[in-house]
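Working notes for the structure below.
A short reminder: the numbers here are calculations on the coordinates, not readings from a lab. No experiment lies behind these values; they were computed from the predicted model shown. Neighbour counts run over all protein chains shown; Cβ positions are idealised from the backbone, glycine included.
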Amino acid sequence: MSLPSETEQRKGDHLRIVLQQDVQSKGVTTGFEQVRLPHCALPDLDARKIALSLSLWGRSLRAPFLISSMTGGTAEAGMINRRLAEAAQELGIGMGLGSQRAAIEDASLAATYQVRRYAPDVLLLANLGAVQLNYGYGPDECQRAVDMIEADALILHLNALQEAVQPHGNTNFAGLLKKIEQVCRAVPVPVVAKEVGNGINGAVARQLVDAGVAAIDVAGAGGTSWSEVESHRQEGQQGLAVARAFAGWGIPTAEAIRQVRAAWPEIVIIGSGGIRSGVDAAKAIALGADLVGTAAPMLAPATNLAQTVMERYGTYIEQLRVAMFCTGAGDLAALRQVTLHPV
């Protein structure tokens with residue numbers, strides 16, 4: 001049996017660390033606790049008829065949720081992805097795969113990402129690190145990632161902080177915007193620019209949309225901190241101290257959604273980063289998100305059974321339904337018109 005590659009080993013490390021260690025942001029929150037939804041004591045609605053559905057890129061979703069990109073590249077990750085995909089299919093929500101770089105480097109790992117057979121109707125997003133465009137990747141590799149999983153869209157994730165504190169990280173982000181633009185022109189599916197937990201501001205969103213990006217996943221601060229994850233992979237005290245200094249770094253998710261929506265009123269926004277309930281999801285949508293992504297809360301359930309993931313997400317969906325009912329919002333368009341109040 002061959003030894004795992006550096007990329008495959010890192011994937012395994014990340015799974016273990018997120019499942020076993022406290023890698024939440026420290027000293028920064030999502031900002032959702034600073035706003036509240038207005039309660040309507042007399043909603044002119046039947047709660048059973050609240051409409052949560054939407055259509056995006058040719059796929060219909062029964063609720064505005066996306067299982068955010070998590071993993072792939074190892075046998076354990078492949079089983080987790082299968083359970084997540086089965087849950088997404090059953091619930092009628094979307095799913096993003098973890099970075100497919102491992103399978104681009106080693107085709108034998110592609111099966112750990114290939115979940116379309118379990119989720120034939122799901123909005124499915126392929127995923128590569130944008131910085132790899134400065135390390136030999138280009139439109140061809142992006143197309144391979146899309147074809148590998150029969151994806152409806154491609155995520156290019158932006159993880160500058162993670163790469164900066166990661167042992168042997170890829171830190172050359174110079175000139176990356178032009179290469180993202182080349183990918184947007186070359187691949188036939190929508191491209192999503194996604195942070196990984198430190199947020200995207202309005203100015204960067206404008207640059208990305210001008211380059212051809214079809215959606216922004218703000219992935220703001222307040223949830224999992226990838227500098228905290230990488231702190232557990234350090235071999236020396238200096239690396240540990242550097243990584244730990246950034247546990248509170250980033251743009252809170254609520255603020256990132258506000259900024260991106262103000263910058264581009266029409267762009268598709270995925271609100272992710274520290275979403276821990278359907279009430280958080282309702283606030284994210286009221287702030288301007290079109291759909292909401294969660295990752296870490298689904299990882300532990302996915303190590304068990306698809307049914308466990310369905311139960312967790314089913315709770316989020318029902319919480320969102322009740323929040324909409326009690327604000328008088330009968331559908332997602334109405335929820336986006338709700339004015340949040342400061343606490």
Name the single residue that is farthest from HIS14 (Cα to Cα) among those in the stretch 176-209 being surrounded by 22 or more Cβ atoms within 10 Å (Cβ to Cβ), touching a residue at least 60 places away in the same chain (Cβ under 8 Å) and not aliphatic (A, V, I, L, M).
GLY199
Of the residues in the stretch 206-220 that are farther than 11 Å from VAL268 by Cα and not in a loop (DSSP other than H, G, I, E, B), the one that is farthest from the chain's Cα centre (by Cα) is ASP210
Tally up the residues in the stretch 310-339 that are in a helix (DSSP H, G or I), crowded, with 17+ Cβ neighbours inside 10 Å and hydrophobic (A, V, I, L, M, F, W, C), please.
8
For LEU128, only one of the following conditions fails: (1) within 24 Å of GLY223 (Cβ to Cβ); (2) touching a residue at least 60 places away in the same chain (Cβ under 8 Å); (3) among the hydrophobic types (A, V, I, L, M, F, W, C); (4) buried (at least 17 other Cβ atoms within 10 Å of the Cβ). What is its number?
(2)
If the Cβ limit is 8 Å and pairs must be 6+ apart or interchain, which residue in the stretch 255-269 that is buried (at least 22 other Cβ atoms within 10 Å of the Cβ) pairs with which residue that is of a type in the set (Lys, Arg)?
ILE269/ARG261
Would you check if there is a residue in the stretch 133-142 being charged (D, E, K, R), surrounded by fewer than 22 Cβ atoms within 10 Å (Cβ to Cβ) and within 16 Å of the chain's Cα centre (by Cα)?
no
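For every residue, the table says whether it meets (1) surrounded by fewer than 22 Cβ atoms within 10 Å (Cβ to Cβ); (2) of a type in the set (Gly, Ala, Ser).
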| position | (1), (2) |
| --- | --- |
| GLU6 | yes, no |
| LEU19 | yes, no |
| THR30 | no, no |
| LEU42 | yes, no |
| ARG83 | no, no |
| GLY94 | no, yes |
| LEU97 | no, no |
| TYR113 | no, no |
| ARG117 | yes, no |
Applying the selection to the stretch 295-312, what residues are out of contact with any Asp or Glu (no Cβ under 9 Å at 6 or more places or on another chain) and within 16 Å of GLY96 (Cα to Cα)?
ALA295, ALA296, PRO297, MET298, LEU299, ALA302
When the stretch 150-175 is checked residue by residue, the ones that are surrounded by fewer than 18 Cβ atoms within 10 Å (Cβ to Cβ) and either in a helix (DSSP H, G or I) or hydrophobic (A, V, I, L, M, F, W, C) (or both) are ALA160, ALA164, PHE173, ALA174
Give the residues of the stretch 306-343 that are among the polar types (S, T, N, Q) and touching a helix residue (DSSP H, G or I) at 6+ places or on another chain (Cβ under 6 Å), sorted by residue number.
THR308, GLN319
Filtered residues of the stretch 225-267 (kept if over 21 Å from ALA295 (Cα atoms), more than 19 Å from the chain's Cα centre (by Cα) and outside any loop (DSSP other than H, G, I, E, B))
GLN237, GLN238, GLY239, LEU240, ALA241, VAL242, ALA243, ARG244, ALA262, ALA263
Going by the structure shown, is GLY73 crowded, with 19+ Cβ neighbours inside 10 Å and either of a type in the set (Ser, Thr, Tyr) or within 19 Å of the chain's Cα centre (by Cα) (or both)?
yes
Which residue pairs have Cβ atoms under 7 Å apart, sit 6 or more places apart or on different chains, and have a first residue in the stretch 234-246 that is over 13 Å from PRO167 (Cα atoms) and a second that is among the polar types (S, T, N, Q) and surrounded by 11 or more Cβ atoms within 10 Å (Cβ to Cβ)?
ARG244/SER231; PHE246/SER227
Tell me, which residue of the stretch 176-205 that is in contact with a Pro (Cβ under 9 Å, 6 or more places away or on another chain) and outside any helix (DSSP H, G or I) is farthest from PRO265 (Cα to Cα)?
VAL187
Can you find a residue in the stretch 286-309 that is more than 21 Å from GLU195 (Cα to Cα), among the β-branched types (Val, Ile, Thr) and part of a helix (DSSP H, G or I)?
yes
